[in-house]
Amino acid sequence: MPKLNINGTEIEVEDSTTVLQACEMAGYEIPRFCYHERLSIAGNCRMCLVEVKGMPKPIASCAMSVNDLRPGPNGEPPEILTVTPPVKKAREGVMEFLLINHPLDCPICDQGGECDLQDQAMAYGADTSRYDENKRAVEDKNIGPLIKTEMTRCIHCTRCVRFMTEIAGVEELGLIGRGEDAEITTYLEAGITSELSGNVIDLCPVGALTSKPFAFSARPWELSKTESIDVMDAVGSNIRLDARSGEIMRIMPRNNDIVNEEWISDKTRFIWDGLKSRRIDRPYIREDDKLREASWDEALTLVATTMSSMVPRKAAMLVGDMASAEEIFSLKLIADQLDWKNIDCRQDGTKLDPQLGRATTLFNTTIEGIDNADAILLIGANPRLEAPVLNARIRGNWAQGSCQVGVIGANEDLTYKTHYLGSSPESLTQLDQSSGFGEILRNAKNPMIIIGQAALQGEHGQTNLIAATKLANGFNALRDDWNGFNVLHTAASRVAGLDLGFVPKDIGIGTQEILNNAKQNQLDFLYLLGADEIDTNALGDTFVVYQGSHGDKGAQRADVVLPGAAYTEKSGTYLNLEGRVQQTNRATFPPNEAKDDWAILRALSGALSKPFGFSNLNELRAQMYASAPHLAQLNAIKPAKLEDIINLSQQDLGTLSSTPLTATAGDFYLTNPIARASKVMNEMSMIKYGQQEKATGTK
């Protein structure tokens, strides 16, 4: 490995390390604007200049590999200097050039307080400027309702261009012109459509690209910052909640290399305005077909009285997509006390069953493991809409040139080239016979099978699941050193619900049968814990209790409404699609009379005269951990048994359906009650899926 002498300190680094990386390994900060660890090297800001003995002028350390440095005359390690007068003068000169055309509008710039240009001008710039000509001005671009542009501030680092091309996989930004006419713009003057576009706000080192919904709302130092977890999908992206005066003002990503790296989807980032719209902030009871306000005692007494009078086989409970493990566990305790068998956490009707083995319900390869796959088959999955951050990981592996992707289901643009193999599960039977993608899977060292919710729903769901396990077993994807069978979940609560056993027991029935019974007036009572993605028109005369945070489909149909907390207002445990245990943290409090969901269920247990054995969150968790010990291991994944998948693959397959697999994601921006309450998400939905004309670059 190459040895270097950096400011008198000798270190050893790996081959192909850049000089910038080597300097930071030695503990010396190198300023930069265009360089970013996850993007290709551009080398166009020149802020990272350092001096190398033997070279006539400072070099751009981000673009120079340590392998390209020559040793000294007697074989000494190359000597690098980062704090010499020539380096200081060079950096001051670069900063002076960068500020020549940069406007002096820091007091009104939303980047103020978080601006790399401000920080580095203070640390490395001069205190005067020799430029007294007029500054240039660049016309702002309208690239949609998410990103606000002030292109006069742009320093042409091209981070945004490289991100959109390399990570998001949508070539919608580029640099045109030369010299003082150079500017960043969208291709064909169209708005940005990527589901990851908001990440360019974080990447921009100046105030050229900022958050349009957040514009002029607050300064960074006014915000209280809380680390939490996203629940818009099942990836479990690490986020930071910034709040002021009891309101979430913005949502930012946190770096976690093994989950979301440092990216989040646009839905995750801009959902925050929906947290304060259409909120349920007090209990309601339906009388004369209208909901009226009620006290907690009145609402809970009515619910408890009704539940106590129910015949168990004519009562049911459903859990929604954003419920935490604590409230799922609490609701299951009530179901067990009442001996109710009709419970389900799979409101979309998927056929995943924890009795088949935990490994048959997880993304076993892990998100980080995607990087090691050399062939991926997607069955009824659209990761671009169902898990955009995970899709970026697949694209990153594909972009390296060593991984090929096949698709069975809807033929959608996933931002990378795919082998389209057919629209129905029937196409799985042809893989062994084909010399195309079947041969690619057969020759792959680490093949990966990803089955999505579209293939797991309906009457053929379990058949498709068995077919996918057979495929994984037949193509050597199930080994001690590699588990290539994966389920792509779309609900943040699903894995925890399955692990806690919130599924039909014994003679119990699942979601679809529950709704069928309700439609035929054979169901008397239904408890919805944040379950809004069902056909509420099929509930007939059923007495419905809805517990949740937003006045959406479930609340509109409910006979009793109990106001719960949103994910930003409670501390809750969530398991992501790979089974990783993570927790949200409370950033704000629920509005008015709304309460934590577990506390509502505890109060209900008291009204039922069957009180729980806990009175606070810590006691609840202690009881939950006794039932499911792996939930206590934060940021860890409980190993699943490979034999579960192998055993399932040996079951009789039956006949695969020839019915095309339809996408489950639907409208990416309106998949849950919080999203549907968001003005920003509704605007994005209209632009992408509605008839509204797309915003152009010059409007």
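The values are calculated or read from the model by the stated rules, or taken from the named source; none is laboratory data. All values derive from a computational prediction rather than experimental measurement. Ideal geometry is used to build each Cβ from the backbone, glycine not excepted, and the neighbour counts take in all protein chains shown. Surface areas here come from the heavy atoms of the whole protein model, side chains and all, with no ligands, DNA or RNA. Shrake-Rupley method; radii C 1.70, N 1.55, O 1.52, S 1.80 Å.
Descriptive notes on the structure:
- In the set Ala665, Ala640, only one residue is modelled with pLDDT of 90 or more and either touching a His at 6+ places or on another chain (Cβ under 9 Å) or not in a helix (DSSP H, G or I) (or both); that residue is Ala640.
- Search result, residues across the range 137-166 that are open to solvent by 30 Å² or more (accessible area, probe 1.4 Å) and within 20 Å of the chain's Cα centre (by Cα): Thr165, Glu166
- Within the range 650-671, the set of residues being surrounded by 18 or more Cβ atoms within 10 Å (Cβ to Cβ) and β-branched (Val, Ile, Thr) comprises Thr664, Thr671.
- Test: residue in the range 478-500 that is assigned to a strand (DSSP E or B), over 17 Å from Thr361 (Cβ atoms), in contact with a strand residue (DSSP E or B) (Cβ under 8 Å, 6 or more places away or on another chain) and open to solvent by less than 10 Å² (accessible area, probe 1.4 Å): no
- Only one of the numbered conditions (1) part of a helix (DSSP H, G or I); (2) open to solvent by 50 Å² or more (accessible area, probe 1.4 Å); (3) of a type in the set (A, V, I, L, M) is not met by Met95, and that is (2).
- Complete set of residues in the range 537-556 that are part of a helix (DSSP H, G or I) and either buried (at least 21 other Cβ atoms within 10 Å of the Cβ) or among the hydrophobic types (A, V, I, L, M, F, W, C) (or both): Ala538, Leu539, Gly554, Ala555
- When residues of the range 202-239 are limited to those that are more than 9 Å from the chain's Cα centre (by Cα) and of a type in the set (Ser, Thr, Tyr), the one most open to solvent (accessible area, probe 1.4 Å): Ser224
- Residue match in the range 53-61 (condition: touching a Lys or Arg at 6+ places or on another chain (Cβ under 7 Å), open to solvent by 60 Å² or more (accessible area, probe 1.4 Å) and in contact (Cβ under 8 Å) with a residue 12 or more places away in the chain): yes
- Taken over the range 328-349, the criterion of being open to solvent by 10 Å² or more (accessible area, probe 1.4 Å) and either among the basic types (Lys, Arg) or assigned to a helix (DSSP H, G or I) (or both) is satisfied by Phe329, Lys332, Leu333, Asp336, Gln337, Leu338, Lys341, Arg346.
- Scoring Pro611 on the criteria (1) under 30 Å from Ala636 (Cα atoms); (2) surrounded by fewer than 15 Cβ atoms within 10 Å (Cβ to Cβ); (3) at pLDDT below 95 leaves a single failure, condition (1).
- Within the range 267-276, the presence of a residue that is of a type in the set (Lys, Arg), open to solvent by 50 Å² or more (accessible area, probe 1.4 Å) and at pLDDT 95 or above is excluded.
- Residue within the range 322-333 that is out of contact with any helix residue (DSSP H, G or I) (no Cβ under 8 Å at 6 or more places or on another chain) and free of Cβ contacts under 8 Å to residues at least 24 places away in the same chain present: no
- Scope the range 254-264; condition in contact (Cβ under 8 Å) with a residue 24 or more places away in the chain and either under 12 Å from Met681 (Cα atoms) or assigned to a strand (DSSP E or B) (or both); matching residues: Glu261
- Among the conditions (1) open to solvent by 50 Å² or more (accessible area, probe 1.4 Å); (2) under 27 Å from the mean Cα position of the chain (by Cα); (3) closer than 30 Å to Lys53 by Cα; (4) not β-branched (Val, Ile, Thr), the only one that Pro85 does not satisfy is (2).
- Scanning the range 390-409 for residues that are open to solvent by 10 Å² or more (accessible area, probe 1.4 Å) and either within 20 Å of Ala492 (Cα to Cα) or without any contact (Cβ under 8 Å) to a residue 24 or more places away in the chain (or both) yields Ala392, Arg393, Trp398, Gln400, Gly401.
- Members of the range 557-579 that are open to solvent by 20 Å² or more (accessible area, probe 1.4 Å) and charged (D, E, K, R): Arg557, Asp559
- When residues of the range 627-649 are limited to those that are open to solvent by 60 Å² or more (accessible area, probe 1.4 Å) and within 24 Å of Gly236 (Cα to Cα), the one farthest from the chain's Cα centre (by Cα): Ser627
- Test: residue in the range 3-20 that is closer than 30 Å to Asn134 by Cβ and buried (at least 16 other Cβ atoms within 10 Å of the Cβ): no
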